[in-house]
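Bear in mind that the values in this text are calculations on the coordinates, not laboratory data. Everything numeric in this text was worked out from a predicted model, so none of it was measured. Neighbour counts run over all protein chains shown; Cβ positions are idealised from the backbone, glycine included.
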Amino acid sequence: TSTQNKIAGGFIGLVEGNTNFTVTFANCTNTGAVSGGYGVGGFVGKINNTSANTSDYSNVNFSYCLNDAAIAGKAGAQHDAGTGGLVGFSKTRGNVVMTYCGNTENGIITDVGGDYGVGGLYGGGTWTDSDIQKYDISYSYNKGSVTSEQTSLPGGSVGRLNRRSGSV
């Protein structure tokens, strides 16, 4: 999967909705390289809940999922951007859960200009004060390299998580 300056994902580029929804990935492997602009991930480029109703939640769950391919982003100064082995970026009211997931040594994660987050599993996440987002990454690993030319937010597993609770 390849786009010049847009969202890109190995399975889904953009998961977006304005009501309650859940997306589940189970026992999946991405083996195809993914490259794009902002919001680039081996499984999902960007997760976004657009609802103004604070009771609407979006949940994205990963279990026994594996990224086995190179992921490359070039977010530049784009806000709401990230590059990750499973998820590039999320701005959502809800939960992102990864259990027994991994990024192999073939999962080389790079970003050539982002200022948000670059991570082996999860690039970055942010939200407004009215949003509630929880993340839970358990029994998961990264064996691939994570590099960024311009950001101060690279992480082996998670690049950037902001304002809410969770566990890694």
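Points worth noting:
- Modelled spin labels at Ala26 and Tyr64, positioned 7 Å past Cα toward Cβ, are 0.9 nm from each other.
- Here's the list of lysines a cross-link from Lys46 could span, going by alpha-carbon distance under 22 Å and ignoring same-chain residues fewer than 8 apart: Lys6, Lys74, Lys91, Lys134.
- Packing order of peptides 18-26, 36-44, 62-70, highest average first: 36-44, 62-70, 18-26 (average count of other Cβ atoms within 10 Å over each peptide's residues).
- Judged by the mean number of other Cβ atoms found within 10 Å, the most tightly packed of the peptides 10-16, 91-97 leads the ranking 91-97, 10-16.
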